[in-house]
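Written below as structure tokens is the structure these notes are about.
The values are calculated or read from the model by the stated rules, or taken from the named source; none is laboratory data. Predicted model, so just to flag it, every value in this text is computed and none were measured. Backbone-built Cβ (ideal geometry, glycine too); neighbour counts: all protein chains shown.
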Amino acid sequence: MALRSALWTVMTGAAQKAARALKRDFGEIEQLQVSQKGPSDFVSAADLKAEKVLRMELAKARPRFGFLMEESGEVSGEDKHHRWIIDPIDGTTNFLHGIPHFAISIGLEMDGEIIAGLVFNPITDETYYAEKGKGAFLNDKRLRVSSRSNLADSVIATGIPFNGRPGHKPFLKQLERVMGAVAGVRRMGTASLDLAYVAAGRYDGYWETGLQPWDIAAGIILVREAGGFITEANGGKDIMKSGDVVAANPKIHKQLLDIVVAA
Ligand code: LIP
């Protein structure tokens, strides 16, 4: 039975409205790849436009909630208990290069705990949604993490630091250990979808460091409501603060944690 709460209606409505312009903008990206100026400014404009629609729609439905947004930062609300955490285009580099693997990510935080999350890929029309205690869903299908218990049979996703991002050497040590222990490693460039894929059982696990709250807020509750475990790399629970994530099905989370931390 799909989850169709009032919160689901508010969050999916805002994401669908923002996605309409985003899909049009993504369609134009192809042409911009060859333009002298390149698409960077265009993507920044698309990012800001989507965030503006999301903020307007969510504020219409819950006018007293605060916001934490990738582009516009923190906006406190009259209701000091609730805060929307928004990434209008998670996977910005994919979007910029015309790679159809990006998502609108909306998390709802209450008193510091994520209580609802939505990750929407407008290209595949896949809406991942979860609310605390009510399960995780992909469109109308209930999600459960994978049941693989052996790391050697598992597909593990990650994020790779790049030019201007720190942590190259530590990552290479982690990758060397993980690649020698698993059936495959994937790097798709969108943390919210990586976490959604763990919740859907497509990935058996995922690890990445240096993420922002808006990259992971929605994915945290998707993984937990689908029966997965998600911690910091040191096993801690302050994921939103550290931005260091190890998420997996319960049978391999410890195995993955031990490898990532030991590197
Ligand atoms: C991206 C994450 C991705 C990470 C990228 C970047 P953005 O978020 O979703 O997992 O590897 O470095 O942080 O910047 O596209 O919203």
Residues of the range 2-27 satisfying the condition of being in contact with a strand residue (DSSP E or B) (Cβ under 8 Å, 6 or more places away or on another chain) and not in a helix (DSSP H, G or I) = A2, L3, S5
Identify, please: which residue in the range 182-215 is farther than 18 Å from L143 by Cα and surrounded by fewer than 18 Cβ atoms within 10 Å (Cβ to Cβ) and is, among those, farthest from the chain's Cα centre (by Cα)?
-> A183
Taking into account only those residues within the range 69-83 that are within 16 Å of the ligand (Cβ to nearest atom) and surrounded by 14 or more Cβ atoms within 10 Å (Cβ to Cβ), which is modelled with the highest pLDDT?
-> M69
Yes or no: I221 farther than 18 Å from S147 by Cβ and away from the ligand (no atom under 16 Å from the Cβ)?
-> yes
Residues (of a type in the set (D, E) and either assigned to a loop (DSSP other than H, G, I, E, B) or not assigned by TED's automatic domain parsing to the domain that holds G205 (or both)) located in the range 154-190 | none
Find all pairs meeting these conditions: Cβ atoms under 8 angstrom apart; at least six residues apart or on different chains; first residue within the range 89-111 and near the ligand (Cβ under 8 Å from one of its atoms); second residue assigned to a strand (DSSP E or B) and of a type in the set (K, R).
-> none
Counting only residues that are farther than 25 Å from K251 by Cβ, within 16 Å of the ligand (Cβ to nearest atom), in contact (Cβ under 8 Å) with a residue 24 or more places away in the chain and of a type outside the set (A, V, I, L, M), how many does the range 134-170 have?
-> 5
Does I99 fit the bill of being crowded, with 16+ Cβ neighbours inside 10 Å and outside any strand (DSSP E or B)?
-> yes
Please give the strands (runs of 3 or more DSSP E) falling wholly within the range 102-142 in which 3 or more residues are more than 12 Å from A15 (Cβ to Cβ).
-> 103-110, 113-121, 135-138
